[in-house]
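So the structure is just underneath, and the comments pick up after that.
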Amino acid sequence: MKKILAIIFKDTLVRFTSPIEWVFFLVLPIIFTVVIGASSGPSGDDRVNMIVVDQANNSLSETLITSLESSSSIKIEIREIEDANSALEQKKISSVLIIPENFNQQSLVSQNAELELQQLPNNTEALIAQQAVQAVLSRVSSVVDIANGSVARAESLPGFKFESEAALQVFFDSSLEKAQTLLADSPNRIIEEKGKTKDSVEFDPRSNASAGQLITWVFIPLIGLSGSFAYERQKGTLRRLLTTPTSKGLFLTGTIIGQVMTAIVQMLLLVLFGIFVMKLNWAQAPMALAVMLISSALAAAALGTMVGTFVKTESQANGLSIMIGMVMALMGGCWYPLELFPQTVQQIVKVLPTTWAMQGLLDIVLRGQGLTSILPEAGVLLGFTLIFMIIGIVRFKYE
Amino acid sequence: MSAILEVHNLAKSYGNFDAVKGISFEIHEGEIFSLLGPNGAGKTTTISMLSTLYTPTSGEATICGYSITNDTMAVKKCIGVVPQDLALYEDLSARENLSFWGQMYGLSGKSLKIRIDEVLEQIGLLDKAKLKVKTYSGGMKRRVNIGVGLLHQPRLLFMDEPTVGIDPQSRRAILDSVKDLNKNGMTVLYTTHYMEEAEELSNRVGIIDHGDLIAIGSQEELTKSVGETDTLILHVGEETNPETLAEEVRKIKGVLKAEVTDHQVSIITPTAEELLAQVVTHANNLGIKIKSIDIREPNLEAVFLNLTGRALRD
Ligand SMILES: Nc1ncnc2c1ncn2[C@@H]1O[C@H](COP(=O)(O)OP(=O)(O)OP(=O)(O)O)[C@@H](O)[C@H]1O
Ligand SMILES: [Mg+2]
């Protein structure tokens with residue numbers, strides 16, 4: 001036991017001997033959490049920007065613009081066509097909506113009205129804008145339908161006839177306005193697009209960032225455990241250790257426990273930051289949190305032990321662990337919510353421990369759930385631990 | 001004198017390559033025993049087996065009465081190991097290193113602290129103990145490397161080429177400390193490819209070459225085996241081919257052996273002084289310039305040359 005403590009103490013000294021380690025241990029994770037959490041935070045304006053070019057300049061185009069302005073998912077700006085084109089070219093904006101000159105009631109009804117939506121390819125923002133425009137357009141057309149309906153109804157009244165085209169237009173416009181006010185309170189379809197999480201809970205980027213960055217920055221050094229094994233091999237200290245009355249098992253146990261404990265301290269500090277600075281809901285289920293943190297750290301440490309048997313040098317190990325850690329974090333939903341991924345990808349990434357760690361942590365911090373609901377995730381993580389650890393220990397190289 | 005280490009037909013192969021080919025020897029309690037041999041002779045492989053790092057391919061050895069294959073823990077408690085390559089945490093200070101390794105040897109608390117101070121004193125680094133090892137000179141690092149092996153006061157100390165690549169001063173200090181340790185009762189197995197070190201330190205020497213222990217005994221016993229011969233060493237100019245000279249010299253009556261290494265010709269003969277004139281004449285005839293001439297009394301170098309036909313170094 002004393003020897004295990006000595007190994008842990010030595011590893012901690014070696015690790016934190018360079019001040020740069022603190023940057024990776026706390027500074028970077030906190031900066032990333034804050035930046036990523038805020039960049040898409042619900043408190044700020046997270047509407048997608050879109051430029052609208054109004055070439056029609058009539059009452060209908062105005063109606064359309066008013067509707068777009070009230071959309072909760074896009075934020076529009078009226079500009080001239082030249083400005084719009086250059087903004088799109090320079091990728092300053094992802095969507096430009098052009099309302100053509102011939103956009104009016106008649107063309108809308110006869111379906112000749114063609115709004116032109118220019119967008120950057122493969123862009124999620126552009127996708128959101130497109131959906132918003134479609135929703136607004138269908139509302140406007142239904143308003144126009146209603147107004148047209150009232151005109152037709154008026155004309156069908158026995159003995160009634162509009163004195164002139166102008167009179168008809170006035171009637172139409174007032175019907176349009178009425179229909180619009182009536183529909184103004186109807187639910188906006190785009191809202192569903194926004195909170196697209198499977199569960200009913202609203203997506204919170206700050207919780208996501210806090211959980212996701214915690215996993216990212218804790219997994220990478222734990223996979224880097226492979227590096228400390230390589231370091232001990234390269235420096236000859238492992239060989240020397242094996243000439244002392246200290247067993248291989250004790251060495252492995254001490255090294256792994258030490259790294260897991262350091263990781264747990266790191267996670268607790270990040271959780272405390274989440275609780276006290278970001279006012280997140282980490283503290284609501286302490287037992288569940290403890291189980292999730294420990295099982296995640298164990299899985300990552302076991303992965304590091306396994307990776308260690310595939311590398312020769314410390315620098316190989318470091319490069320590889322950053323790569324594996326980053327890919328796993330990105331694919332596990334630690335940087336973007338998993339729900340943004342295609343369905344098949346969502347299924348495939350279940351082979352990654354990060355996916356389970358992330359879902360378990362979100363259960364706690366985002367969905368406010370407790371111990372019973374994270375047990376499956378924790379179970380899967382411990383399963384990963386077992387598999388990685390067995391491979392790691394069987395293949396372990398002492399030379 | 002009782003044997004603290006007994007080796008019987010110990011062998012180690014790496015695949016098809018036999019690095020150590022069934023060697024047998026013993027070391028008595030209280031002596032310094034040197035394994036003398038050139039690069040690649042199998043010294044480190046032997047020490048690795050004896051310190052239980054490698055399992056022997058065949059053969060057996062006992063240390064302090066325990067088998068190196070069946071009783072590894074007991075063996076490890078009895079030995080201290082100073083590996084050929086530095087095995088230290090360079091980011092930690094000497095004191096932190098000693099503290100860690102001391103605990104790995106099972107020391108703790110007050111006795112650990114006392115031993116660390118004693119060892120620091122012994123290796124002359126008490127005043128620099130707090131500095132990181134990576135800031136040390138090569139010689140200082142070597143001394144810490146040795147210090148680690150002394151912490152638990154082992155009965156038997158393995159030192160694998162502890163003076164390689166350091167300045168003469170540090171080397172002197174290390175050789176002296178080995179003698180001191182031995183005076184205080186520690187048995188030492190010392191490997192080296194420097195004949196002078198083996199000569200200065202050891203009670204007995206084993207000469208190892210290509211995995212075979214080709215001679216073993218005290219220095220006197222070994223040199224006697226080459227007879228009353230001297231070694232005549234001719235240092236020749238770099239531009240000349242000493243092999244032609246060696247060929248001529250071999251024809252001279254009374255020359256037992258003549259071997260070439262780099263720019264020197266080593267001649268083993270019982271009558272060095274008398275041959276000198278003839279050898280110089282031959283050299284002149286061949287146009288070979290002789291820069292200097294040494295005549296050496298029988299020594300381990302001569303023993304090695306006699307046994308292998310090669311010089312020990314290079
Ligand atoms: N792990 C290994 N795999 C294969 N061959 C090895 C291995 N270790 C050593 N050898 C070979 O075994 C032979 C003996 O090596 P060893 O290290 O024991 O020599 P040494 O006497 O200690 O030499 P040096 O003075 O250079 O340290 C060498 O030819 C070496 O190349
Ligand atoms: Mg060696």
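Summary of values
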item: Positions within region B:30-60 being surrounded by fewer than 18 Cβ atoms within 10 Å (Cβ to Cβ) and of a type in the set (Ser, Thr, Tyr), in sequence order; result: B:Thr55, B:Thr57, B:Ser58
item: Yes/no for B:Leu275 being in a helix (DSSP H, G or I) and touching a Gly at 6+ places or on another chain (Cβ under 9 Å); result: yes
item: Neighbours by Cβ (under 6 Å, 6+ apart or cross-chain): first from region B:184-213, on the phi > 0 side of the Ramachandran plot; second within 12 Å of ligand 1 (Cβ to nearest atom); result: B:Gly211/B:Asp18; B:Gly211/B:Ala19; B:Gly211/B:Val20; B:Gly211/B:Lys21; B:Gly211/B:Gly42
item: Check on B:Ile63, over 20 Å from B:Asn145 (Cα atoms), crowded, with 21+ Cβ neighbours inside 10 Å and away from ligand 2 (no atom under 16 Å from the Cβ); result: yes
item: Test result for B:Gln84, farther than 20 Å from A:Glu399 by Cα and either within 16 Å of ligand 2 (Cβ to nearest atom) or facing chain A (nearest Cβ under 9 Å) (or both); result: no
item: Options B:Asn285, B:Asn241, B:Asn299, B:Asn306: the member that is farther than 30 Å from B:Phe17 by Cβ and in contact with a strand residue (DSSP E or B) (Cβ under 8 Å, 6 or more places away or on another chain); result: B:Asn299
item: The one condition in (1) without any contact (Cβ under 8 Å) to a residue 12 or more places away in the chain; (2) closer than 24 Å to A:Arg233 by Cα; (3) over 26 Å from the mean Cα position of the chain (by Cα) that B:Asp85 fails to fulfil; result: (3)
item: Per-region count, region B:44-60, residues within 12 Å of ligand 2 (Cβ to nearest atom) and in contact with a helix residue (DSSP H, G or I) (Cβ under 7 Å, 6 or more places away or on another chain); result: 0
item: Candidates B:Ala3, B:Ala74, B:Ala94, B:Ala41 - the one that is away from chain A (no Cβ under 14 Å) and either without any contact (Cβ under 8 Å) to a residue 60 or more places away in the chain or more than 16 Å from ligand 2 (Cβ to nearest atom) (or both); result: B:Ala3
item: Index of the failed condition, B:Ser108 passing every other in (1) touching a residue at least 24 places away in the same chain (Cβ under 8 Å); (2) facing chain A (nearest Cβ under 9 Å); result: (1)
item: Number of the exception - B:Ile23 against (1) within 14 Å of chain A (Cβ to nearest Cβ); (2) hydrophobic (A, V, I, L, M, F, W, C); (3) within 16 Å of ligand 2 (Cβ to nearest atom); result: (1)
item: Where a residue in region B:153-166 is at positive phi and its partner, wherever it lies, is surrounded by 17 or more Cβ atoms within 10 Å (Cβ to Cβ), with Cβ under 6 Å and at least six apart; result: B:Glu161/B:Gln84; B:Glu161/B:Thr191; B:Glu161/B:Thr192
item: Where a residue in region A:312-330 is closer than 14 Å to A:Ala300 by Cα and its partner, wherever it lies, is among the aromatic types (Phe, Trp, Tyr) and surrounded by 15 or more Cβ atoms within 10 Å (Cβ to Cβ), with Cβ under 7 Å and at least six apart; result: A:Gly325/A:Phe219; A:Met328/A:Phe219; A:Ala329/A:Phe219; A:Ala329/A:Trp335
item: Matching residues in region B:183-198 - criterion: being touching an Asp or Glu at 6+ places or on another chain (Cβ under 8 Å) and part of a helix (DSSP H, G or I); result: B:Met195
item: Residue tally, condition buried (at least 17 other Cβ atoms within 10 Å of the Cβ) and either more than 14 Å from B:Ala61 (Cα to Cα) or not small (Gly, Ala, Ser) (or both), over region B:7-17; result: 3
item: Where B:Arg143 falls short, out of the listed (1) closer than 15 Å to A:Thr246 by Cβ; (2) of a type in the set (Lys, Arg); (3) in contact with a Gly (Cβ under 9 Å, 6 or more places away or on another chain); result: (1)
item: Where a residue in region B:257-285 is within 14 Å of B:Gly309 (Cα to Cα) and its partner, wherever it lies, is of a type in the set (D, E, K, R) and in a helix (DSSP H, G or I), with Cβ under 7 Å and at least six apart; result: B:Ala258/B:Arg250; B:Val260/B:Glu243
item: Enumerated strands (runs of 3 or more DSSP E) restricted to region A:56-143, each holding at least 3 residues that are surrounded by fewer than 13 Cβ atoms within 10 Å (Cβ to Cβ), at pLDDT 80 or above and in the same structural domain as A:Ser174 (by TED's automatic domain parsing); result: none
item: Answer from B:Asp117, B:Asp160 - the residue that is at pLDDT 95 or above, charged (D, E, K, R) and within 16 Å of ligand 1 (Cβ to nearest atom); result: B:Asp160
item: Candidate set from region B:114-143 (those that are surrounded by 15 or more Cβ atoms within 10 Å (Cβ to Cβ) and among the basic types (Lys, Arg)); member that is farthest from B:Pro168 (Cα to Cα); result: B:Arg115
item: Residue list for region B:44-71, restricted to those being away from ligand 1 (no atom under 11 Å from the Cβ), of a type in the set (Val, Ile, Thr) and more than 10 Å from chain A (Cβ to nearest Cβ); result: B:Thr55, B:Thr57, B:Thr62, B:Ile63, B:Ile68, B:Thr69
item: Scan of region A:207-243 for residues that are closer than 30 Å to B:Tyr105 by Cβ, β-branched (Val, Ile, Thr) and either more than 14 Å from chain B (Cβ to nearest Cβ) or in a helix (DSSP H, G or I) (or both), ordered by number; result: A:Thr237
item: Residue match in region B:24-35 (condition: within 16 Å of ligand 1 (Cβ to nearest atom), under 16 Å from B:Ile208 (Cα atoms) and of a type in the set (A, V, I, L, M)); result: yes
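The values are calculated or read from the model by the stated rules, or taken from the named source; none is laboratory data. Bear in mind that the values here come from a model prediction, so they are computed numbers and not experimental data. Glycine gets a Cβ as well: all are built from the backbone with ideal geometry, and neighbour counts include every protein chain shown.
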